[in-house]
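Read through the structure below, which is laid out as structure tokens, and then see the notes.
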Amino acid sequence: MLPEVEQYFRIEKLPHMWCPGCGNGIVLHSLVNAISGLGLNQDKTVIVSGIGCASRAAGYLDFDTLHTTHGRALAFATGIKFSRPELNVFVLMGDGDCTAIGGNHLIHAARRNINLTAIVFNNHIYGMTGGQYSPMTPSKKRATTAVFGSVERAFNLPELVKGAGATYVARATTYHTALLTNLIMEAHKNKGFSLVEVITACPTAYGRYNKLGSPAEMLKAQRENAVNIKDLRGSNGEVPEGKVVIGELYRAEAPEYIEEYLAAVKALQEKGGK
Ligand SMILES: Cc1ncc(C[n+]2csc(CCOP(=O)(O)OP(=O)(O)O)c2C)c(N)n1
């Protein structure tokens, strides 16, 4: 491990449990690079995760970490931020964790515009439990619970959270690691609810059921299928068929939840309330 990132890991917890070719470690590397680039105090930074392969990331990171229950990472993170607003809180979730069982927590965290940085590891499937389809499995793609291909439509996660009230939304892949680091840094700097979706390969479940080839081929596909939003500007803005838009997708200004809440409490106290 490179000495500059070693300080952020619980070395004694390694080797990790992820399969060969899994992209999750790449996401972690970009995350710790972002934390280092932001110069965040390791003792004032909290990592919260739910349940799933992606959520196991919290255990490998040397911060105050909370590995919570399936779908509830944002609820725990909300509690932390409420009681200690000065802490930097990153929330790591799988696509199933975040958008299926955790979908309600997700839309309300976005609606409140609470100052959290959510990172969604989108491997398009429930990896840990053997490959059931998730709300992020693209139509017609196979999973153990969709052996002939899913007949459902997948969420467009950036549009979902933007519609719910998030003020920073971005997407990258595990091929675009420098971009991912920058997006995580920008997400953290935004005072409000920020979400970065990361397309990450699950060669064992999603890749195998959909015959997507080796881990290297899955990574190559991430490169080939990605189109940076900057390259769409100036065109009619339409996303070419089969392409995934990466980059900073949305940014807005809106009141932040904790600040609004504390201001309301202060105003009441000044009026003489208890
Ligand atoms: C309440 C509850 N329901 C179901 C499960 C079983 N379960 C564990 S992980 C998981 C899905 C994980 O998928 P995802 O969030 O996409 O993460 P990945 O493993 O792919 O990283 C499920 C359904 C659970 N642990 N708790």
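Only the coordinates and a few stated rules stand behind these numbers; no lab work does. Keep in mind the model is a prediction, meaning the values are calculated, not measured. Please note: Cβ atoms are built from the backbone with ideal geometry, for glycine as well, and neighbour counts cover all protein chains shown.
A few points about this structure:
- Between 0 and 90°, nearest 10: helix 73-83 axis offset from the chain longest Cα axis: 20
- Between 0 and 90°, nearest 10: helix 215-225 axis offset from the chain longest Cα axis: 70
- Angle of helix 24-38 to the longest C-alpha principal axis of the chain, folded into 0 to 90 degrees and rounded to 10: 40°.
- Tyr133 sits among other residues whose Cβ lies under 12 Å from its own Cβ, and their net charge, with Lys and Arg +1 and Asp and Glu -1, is +2.
- Relative contact order (percent, whole number), the stretch 3-273, Cα cutoff 8 Å, 6+ residue spacing: 18
- Computed over the stretch 163-274: relative contact order in percent, which uses C-alpha pairs under 8 Å that are six or more apart: 32
- Partners for Lys191 among lysines (Cα-Cα distance below 24 Å; same-chain residues under 8 apart left out): Lys44, Lys81, Lys162, Lys230, Lys266
- Distant alpha-carbon pairs in the stretch 124-274 (separation over 24 angstrom), percent: 46
- The residue list Gly94, Ile258, Leu232 was ranked by how far each Cα lies along the charge dipole of the chain toward its positive end, using unit charges on Cβ atoms, and Gly94 comes out on top.
- Residue separation of Tyr261 and Lys211 scaled by 0.36 nm, minus their Cα-Cα distance, works out to 13.0 nm of gained length.
- Charge dipole (debye, nearest 20) of the stretch 188-274; +1 at Cβ of Lys and Arg, -1 at Cβ of Asp and Glu: 220
- The dipole here belongs to the chain: it is taken about the Cα centre, uses +1 on the Cβ of Lys and Arg and -1 on the Cβ of Asp and Glu, and is about 500 debye.
- Note on the chain: the C-alpha convex hull projects to 15.7 nm² when averaged across all orientations.
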